[in-house]
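Some notes on the structure that comes next.
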Amino acid sequence: QVQLVESGGGLVQPGGSLRLSCAASGSIFMVNAMAWYRQAPGNERELVATVLSGGSSTYADSVKGRFTISRDNAKNTVHLQMNNLKPEDTAVYYCNAHIIATWDRKTYRYWGQGTQVTVSS
């Protein structure tokens, strides 16, 4: 069994910052790509940022220059530092990871439970 547990969401004013964290635990042999997605009411879930096990990262155009994704491979964690937040960043943010399980060495995709980020004055 594998779990992703997120933390760090909340309410922040425009221009403020938040840091999201996600920890993977359980029967993990290796964690490959890790990512953050978000879903606003009435919208489809969208990819925000991805980081590979080697550290290379990609971002949605809407967050480039404001968000930074990072990971700690030793702790199987991924973080999303969000600066200069805007009201349009309001959404539920989900952690996602491609994990090789110990029981069969196959890759499975897991999701966290989601954490609410609200940007409002």
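Under a straight-distance cross-link criterion of Cα-Cα below 23 Å, which lysines are reachable from Lys86, leaving out those fewer than 8 residues away in the same chain?
Lys64
Under a 5 Å amide H to amide H cut-off, with H placed in plane at 1.01 Å, what residues pair with Val48 once short-range neighbours are removed?
So Val48 has HN proximity to Trp36, Tyr37, Arg38.
Which value, in Å², gives the accessible area per residue of the chain when a 1.4 Å probe is used on the protein heavy atoms? Provide the component values of the computation, followed by the final result.
Working: 6290 Å² over 121 residues.
Roughly 52 Å² per residue, with all protein chains present.
What list of ³J(HN,Hα) values in whole Hz, one per residue of region 56-70 in order, does the Karplus curve 6.51 cos²θ - 1.76 cosθ + 1.60 (θ = phi - 60°) give from phi, with Gly and Pro shown as x?
5, 9, 9, 9, 5, 4, 5, 10, 4, x, 10, 10, 9, 9, 8
Please return the longest stretch of the chain lacking exposed loop sites, where trypsin sites (Lys or Arg not before Pro) count only if DSSP places them in a loop and at most 13 other Cβ atoms lie within 10 Å.
1-63
Which of the lysines could a cross-linker bridge to Lys106, judged by Cα under 21 Å and excluding same-chain residues fewer than eight apart?
Lys75
Can you work out the Karplus-derived ³J(HN,Hα) for every residue in region 2-19? Use 6.51 cos²θ - 1.76 cosθ + 1.60 with θ = phi - 60°, whole Hz, and x for glycine or proline.
Taking θ as phi minus 60°, the curve returns 10, 10, 10, 10, 9, 7, x, x, x, 9, 9, 7, x, x, x, 10, 9, 10 Hz for region 2-19.
From the phi of every residue in region 92-104, what ³J(HN,Hα) in whole Hz does the Karplus formula 6.51 cos²θ - 1.76 cosθ + 1.60 yield, where θ is phi - 60° and glycine or proline is x?
Running phi through 6.51 cos²θ - 1.76 cosθ + 1.60 with θ = phi - 60° gives 8, 9, 10, 8, 9, 8, 9, 10, 8, 7, 6, 6, 9 Hz.
Under a Cβ-Cβ cut-off of 14 Å, what is the net charge of the residues other than Gln39 that fall near it, where Lys and Arg count +1 and Asp and Glu count -1?
Overall, the nearby charge balance is -3.
About the Cα centre, and with charges only on the beta carbon of Lys, Arg (+1) and Asp, Glu (-1), how big is the dipole of the chain? Nearest 20 debye, please.
My answer is approximately 220 debye.
Residue farthest toward the positive end of the dipole of the chain, with Cβ of Lys/Arg at +1 and Asp/Glu at -1: which of Met30, Val2, Pro14?
Result: Met30.
Are there GluC sites (Glu not before Pro) in region 5-47 that DSSP puts in a loop and that have at most 10 other Cβ atoms within 10 Å, and which ones?
Glu44
Please list, ordered by chain and number, the residues whose modelled amide H lies under 5 Å from the amide H of Phe67; skip anything fewer than 5 residues away on the same chain.
So Phe67 has HN proximity to Asn83.
From the Cα gyration tensor of region 39-121, with a ≥ b ≥ c the square roots of its eigenvalues, which class applies: rounded if a/c is under 1.5, or else prolate if a/b is larger than b/c, or else oblate?
Prolate.
The values are calculated or read from the model by the stated rules, or taken from the named source; none is laboratory data. These numbers come from a predicted model, not from an experiment. Neighbour counts run over all protein chains shown; Cβ positions are idealised from the backbone, glycine included. Surface areas here come from the heavy atoms of the whole protein model, side chains and all, with no ligands, DNA or RNA. Shrake-Rupley method; radii C 1.70, N 1.55, O 1.52, S 1.80 Å.
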